[in-house]
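Working notes for the structure below.
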Amino acid sequence: MLYALHELAYSSAQPFRIGAQMARRFWTSPLNPAADTAIGRTAYASAELFESVTRRYGKPAWGLEVVTINNRPVRTTEQVVWKSPWVRLLRFARNIGDLKRAGKPSAAPSVLIVAPLSGHYATLLRGTVETFLQDHDVYVTDWVNARQVPMLEGRFDFHDYIDHVRTMLAEIGPRAHVVGVCQPGPPVLAAAAIMAAEDDPNRPASMTFMGSPIDARLSPTATNQLAEARPFAWFQSNMIHTVPWPYPGFGREVYPGFVQLYSFMSMNEARHTDAHWEYFRDLVAGDGDGVEKHEQFYDEYLSVLDLTEEFYLQTIDIVFQSHLLPRGLLEHRGVPVDLTRITDIGLMTVEGEKDDISGVGQTQAAHTLCTGIPDERRVLYVQPGVGHYGVFNGRRFREEIYTRTRDFIAANEKLSAVPGRSEAAA
């Protein structure tokens, strides 16, 4: 019912959005003598603000056709390497000629960036992918909105996620490197343990976890406390809703992206209110830089996707309530997940000092759990002065976190005796 009401509210606001769009054109028309007055600019800003907070934000484009490497433009080609109804495995192939002109070798370590499946599209990691393209052959998981998947495609749960990670690593080839950003930490670590136990030739050479709830019992945040304070049945009753017609996934039970979005925004309500008030003032003042910065952030932040009921509820249970992985009780397809079997996969953990989603200690818990990894293949890093988002994006990520991650991957590339990989010409 909530999903249907949400769609009804969006449709009901359509006439007002059309009115706001007409007002924007009227108050920016060069034929309007009052356009460049205080009244005109205020009226335009009001219409722009209303339209921006009521529009439907679709999936953003990656926009990585050209990246800058060593101050030189390098073209990339977005390739779909593998796909299922739930995800597309994308590769951003760098043009070899451009790389040579930028002074970079064509051979580079293969890195799979596992984007979070927690309400936002993988494009939230655009800056992360762009930065890793400086020195790596980059692949990324582009998750599909569950409301777009027909019921005939079946279910997708926590264990399917683990299987998907294994399959994608196999598609990339032996001893790639995997980077799990936030939510993927537990399933990616489980996949690596299973592959190590089976001596799978496609097991990763290294794994890097950034702001991941490996052990959510440590340094609990407001998110962790909510998950623990409510009984499991509460999440079943209050967070799961049915996809309405006419979406392809009509009838599917999901955890709607807009519910996740409202939850996160309510945690920092004052900050978002201040940001939109500042946006309004920038519109009135004609501050193009401030307006552009706000729109770039919120165009991404307000674009959300739905999660399947089974994946969401299992994540609540396995990661945030039962803590099966750090307690050594997780089983996958009837087989115990033994983290001590990981012996030749490098482990790096990255945390933000001010992270209010995954508190300091939750990610680095992987070092305590993976007792078989030698010390020379470990890196534990806490970045001062950044929150959750700053762990994988922004200036400090580029200048401080990424450089350490790059060196860690390079060291484990050598330790795993992986021959140089050549990238196909874009």
Working with all protein chains in place, sort TRP245, TRP82, TRP62 by solvent-accessible area computed with a 1.4 Å probe, largest first.
TRP245, TRP82, TRP62
Between ARG271 and SER29, 0.36 nm times their residue separation minus their Cα-Cα distance comes to what?
83.8 nm
Provide the per residue accessible area, probe 1.4 Å, for the chain, rounded to a whole number of square angstrom.
43
Going highest first, how would you order 112-118, 143-149 by mean Cβ packing within 10 Å?
112-118, 143-149
For the range 308-316, just list the computed ³J(HN,Hα) in residue order, Karplus coefficients 6.51, -1.76 and 1.60, θ = phi - 60°, integers in Hz, with x standing in for Gly and Pro.
5, 3, 5, 5, 4, 5, 5, 5, 4
Please report, as a whole percent, how much of the solvent-accessible surface of the chain comes from carbon and sulfur atoms (probe radius 1.4 Å).
56
If each residue of separation counts as 0.36 nm, what is the full-extension length gain between ILE18 and ARG333 once their alpha-carbon separation is subtracted?
108.2 nm
Among 195-206, 100-111, 1-12, how do they line up from the highest to the lowest mean number of other beta-carbon atoms within 10 Å?
195-206, 100-111, 1-12
Proximal aspartates and glutamates relative to LYS414, as straight alpha-carbon distance under 20 Å, when same-chain residues fewer than 8 apart are discounted:
ASP135, ASP137, ASP199, ASP200, ASP344, ASP375, GLU376, GLU423
With the 8 Å Cα cutoff and a minimum separation of six or more residues, the range 136-230 has a relative contact order in percent of 27
Counting Lys and Arg as +1 and Asp and Glu as -1, each charge on the Cβ, what is the dipole of the range 11-140 about the Cα centre in debye, to the nearest 20?
220
From the list (i) 41, 27, 20; (ii) 38, 27, 20; (iii) 41, 25, 24, can you say which value of semi-axes √(5λ) of the Cα gyration tensor in Å was derived from the structure given?
(ii)
Show me, for the range 157-174, the HN-Hα J-couplings you get by feeding each phi into the Karplus relation (A = 6.51, B = -1.76, C = 1.60, θ = phi - 60°), rounded to Hz, glycine and proline as x.
10, 4, 6, 5, 4, 4, 4, 5, 4, 4, 4, 5, 5, 5, 5, 6, x, x
Output the relative contact order of the chain, whole-number percent, from Cα pairs under 8 angstrom with separation of 6+ residues.
20
Work from the charge dipole of the range 257-344 (Cβ charges, +1 for Lys and Arg, -1 for Asp and Glu, about the Cα centre) and give the residue of LEU339, PHE297, PHE258 farthest towards its positive end.
LEU339
Residues whose placed amide H lies under 5 Å from that of VAL382, excluding near-sequence neighbours:
GLU351
VAL284, VAL386, reordered so the largest accessible area comes first (probe 1.4 Å)
VAL284, VAL386
Between HIS120 and residues 5 or more places away or on another chain, the pairs with built amide H atoms under 5 Å apart involve LEU305
If R0 is 41 Å, what FRET efficiency do you get for GLN296 and LEU152 from their C-beta distance, rounded to 0.05?
0.65
What distance in nm lies between label points placed 7 Å from Cα along the C-beta direction at LEU2 and VAL81?
3.7
Those trypsin sites (Lys or Arg not before Pro) in the range 49-80 that DSSP places in a loop and that have at most 14 other beta carbons within 10 Å
ARG56
Computed [θ] at 222 nm, deg cm²/dmol, the chain (DSSP H ≥ 4; -39,500 (n - 2.57); rounded to nearest 500)
-12000 deg cm²/dmol
Quick one: accessible surface of ARG72, probe radius 1.4 Å, all protein chains present, in square angstrom to the nearest 10.
100
Sorted by accessible surface (1.4 Å probe, heavy atoms of the protein chains only), largest first, VAL165, VAL335, VAL81 come out as VAL335, VAL81, VAL165
So how exposed is PHE250, as accessible area in Å² (1.4 Å probe, rounded to 10)?
120
Measure off 7 Å from each Cα along the Cα-to-Cβ vector at THR37 and THR54, then give the distance between these two points in nanometres to one decimal.
2.5
PRE zone check, label point 7 Å out along Cα-to-Cβ of TYR10, amide N under 12 Å, scope the range 280-320, hits 303-306
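The values are calculated or read from the model by the stated rules, or taken from the named source; none is laboratory data. Just so it is clear, the model here is predicted, and its values are computed rather than measured. Note: ideal-geometry Cβ built from the backbone for every residue, glycine included; neighbour counts use all protein chains shown. When the accessible area is computed, the model is the full protein with side chains, heavy atoms only, and any ligands, DNA or RNA have been set aside. Shrake-Rupley method; radii C 1.70, N 1.55, O 1.52, S 1.80 Å.
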